[in-house]
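S.K.: Got a structure here, written out as structure tokens. Questions coming.
The values are calculated or read from the model by the stated rules, or taken from the named source; none is laboratory data. Not measured: the values here are computed from a predicted model. Glycine gets a Cβ as well: all are built from the backbone with ideal geometry, and neighbour counts include every protein chain shown. Ligands, DNA and RNA are stripped out before the accessible areas are found, and what is left, the full protein with its side chains, is counted by its heavy atoms. Shrake-Rupley method; radii C 1.70, N 1.55, O 1.52, S 1.80 Å.
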Amino acid sequence: MQEATAITRVFGDGMRLVAVRLTFRHWVDAKTLSIGQFKVAGRTITGLTVSNSEDGRETARGHYVTLALNPYDDGALLTVKKGRPASQSKNDPAKNGPGKVGDKNDSAPTLKAASAEIQTDGATIKTERVANLVFDDFKQYEYSDTATGKTVRYNLFAPKNPAAGARYPLVLFMHDAGVTGNIVTAPLYQGNGAIAWATPEAQAENPCFVLAPEYDEIIVDDTSTASNYLDATLNLIRALIQDHPIDDKRLYTTGQSGGGMMSIAMNIKYPDFFAASYLATCQWNAKLLTPAMKDLKWWITVSEDDSKAFPGQTAITDKLASFGAKVARGEWNALWTADEFQQAFAKMDDEHANINFVTFSKGSVFKTAAEANAGGASGHNATWKYAYNIAPIRAWIFRQKKA
């Protein structure tokens, strides 16, 4: 063994160490290797692939051996949450929420080092390099908005091998309050709200730009107030449209919790800006909605275990229906298979509604009794693990286009 590389992938609950790639000086033959010949300290090996390139495409012989690891082993999760500062959680105007709009915060999760120790044939090697799947395809930038005085630090993914003359959709993902801080890449590794749109599989179906800002202050609060980052972010999108082949008729917004709340606030202030929105585990004051929003294209996902977002989004959906929006509703199980999600989606899609409201059935976002009994915001946070994994919802978003 000449070198070892740790390979990570982002899941709904954060970045995990999912494989190690070994580089050999000599050719190795797949027929002569087995999982039993290797050990990775503290991890379970679930697969072995030989390749002659770093992309991992399987070949009979090659210089690379990739050991797939169980992503749910203890210690596989690399994302480390900081938790909400106690002084912020008691902020009265935000009703025990993350704080008031404008509050500076440093609650963004951090990352443990991705590393592993591998043994084979009496030799031991430690990983020295890291390859972060999809995550590494995002680039980091800053945008200074003269209109608001805000500086938006952001991550941007651009489609690979763009076709000459083609213009592509843009998906804006905004993080929850728990990611507020100064680590610009935190929205990428805290969960897959941004990553899900940029995977090779997703891009093969719907190539698009993905924009994921990192906010250093609370951008919305439970009084249904939004900060100037609302206009700063939209001005950033306008600037990106000038600099990149982005289709301004296919702009989409999404976010979980606070990011979803900001998406709603953007739709209220500028109902004609986005072609569609995917709102995960969020709420807003339904009284602030206007009749101009009745034709918006929204997909809403929330858990019945979410004490704020479930009643909040129910009220919002009812208000939009009162304005004349066509609404479809469904109760789904968060632990369904891909086929079951597809069947449930098709049933709702047949209603041809512009507002689609999905609730995860009570208890389905919890995999263990400990999760179910955790109390607090457990039902809220647990929903994020599943919301962006449902492929037909993402496909529905891309079907929407402004006239």
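S.K.: Stretch Ala163-Arg238 to full length: gain in nm at 0.36 nm per residue minus the Cα-Cα span? Don't skip to the end; give the middle numbers.
M.R.: On the way: separation 75, 0.36 × 75 = 27.00 nm, distance 2.16 nm.
Computed gain between Ala163 and Arg238 is 24.8 nm.
S.K.: Whole number in Å², please: accessible area per residue of the chain, 1.4 Å probe, ligands, DNA and RNA not counted. Please list the in-between numbers first.
M.R.: Numbers: 17510 Å² over 403 residues.
In whole numbers, the chain has 43 Å² accessible per residue.
S.K.: Another question, then. Evaluate E = 1/(1 + (r/R0)^6) for Ser307 and Ile35, where r is the Cβ-Cβ distance and R0 equals 45 Å; express this FRET efficiency to the nearest 0.05.
M.R.: On the way: r = 45 Å, r/R0 = 1.00.
Calculated value: 0.50.
S.K.: With a ≥ b ≥ c the root eigenvalues of the C-alpha gyration tensor of segment 123-200, is it rounded (a/c under 1.5), prolate (a/b larger than b/c) or oblate?
M.R.: Numbers: a/c = 2.13, a/b = 1.28, b/c = 1.66.
It is oblate, given that a/c is not under 1.5 and a/b is not larger than b/c.
S.K.: Report the gain in length on full extension from Asn285 to Asp248: 0.36 nm times residue separation, minus Cα-Cα distance, nm rounded to one decimal. Working shown, then result.
M.R.: Details: separation 37, 0.36 × 37 = 13.32 nm, distance 2.84 nm.
Here the answer is 10.5 nm.
S.K.: What base-10 log of the normalised intensity I(q)/I(0) is obtained for segment 255-370 from the Debye formula, alpha carbons as equal point scatterers, at q = 0.13, 0.15, 0.23 Å⁻¹?
M.R.: -0.48, -0.64, -1.37
S.K.: When the chain is treated as a GNM, springs tying every alpha-carbon pair under 10 Å, which of Gly165, Gly56, Gly42 comes out with the largest mean-square fluctuation?
M.R.: Greatest mean-square fluctuation among the candidates belongs to Gly165.
S.K.: Whenever you get a sec, line up Glu128, Glu371 from highest to lowest accessible area (probe 1.4 Å, protein heavy atoms). Don't skip to the end; give the middle numbers.
M.R.: Details: Glu128 155, Glu371 50 Å².
Accessible-area ranking of Glu128, Glu371, largest first: Glu128, Glu371.
S.K.: Follow-up question, since we're still on this one. Past the 16 angstrom mark, what percentage of all C-alpha to C-alpha distances in segment 276-333 do you count?
M.R.: On the way: 658 of 1653 pairs.
When all Cα pairs of segment 276-333 are counted, 40 percent exceed 16 Å.
S.K.: So how much slack lies between Gln2 and Lys367, counting 0.36 nm per residue of separation and subtracting their Cα-Cα distance, in nm?
M.R.: Extending this stretch completely gives an extra 127.4 nm.
S.K.: Along Cα→Cβ, 7 Å out, is where each label goes; now give me the distance between the ones at Thr124 and Ala204 in nm to one decimal.
M.R.: That separation, rounded to one decimal, is 4.0 nm.
S.K.: Give me the distance in nm between label points sitting 7 Å out from Cα along the Cα-to-Cβ direction at Ala315 and Thr337, one decimal.
M.R.: 4.0 nm
S.K.: Same structure, new question: Give the percent of DSSP beta bridges with both residues in the chain that are antiparallel, rounded to the nearest 5.
M.R.: On the way: 47 of 81 bridges.
Beta bridges within the chain, antiparallel portion: roughly 60 percent.
S.K.: Using the Cα gyration tensor of segment 141-248, with a ≥ b ≥ c the square roots of its eigenvalues, what is the shape: rounded (a/c below 1.5), prolate (a/b larger than b/c) or oblate (neither)?
M.R.: Values: a/c = 2.23, a/b = 1.44, b/c = 1.55.
Oblate shape, in that a/c is at least 1.5 and b/c is the bigger or equal ratio.
S.K.: Let's test the formula: R0 of 41 Å, r as the Cβ-Cβ distance of Ala374 and Arg25. What FRET efficiency results, to the nearest 0.05? Each step should come with its number before you reach the end.
M.R.: On the way: r = 49 Å, r/R0 = 1.20.
My answer for the efficiency is 0.25.
S.K.: Enumerate the residues in segment 363-403 having an amide nitrogen under 20 Å from the point lying 7 Å beyond the Cα of Thr44 toward its Cβ.
M.R.: 366-371
S.K.: Take the Cα of Ala395, step 7 Å along the line toward its Cβ, and report every residue of segment 327-355 whose backbone nitrogen sits under 16 Å from that point.
M.R.: Residues 337-352 qualify, since their backbone N sits under 16 Å from the label point.
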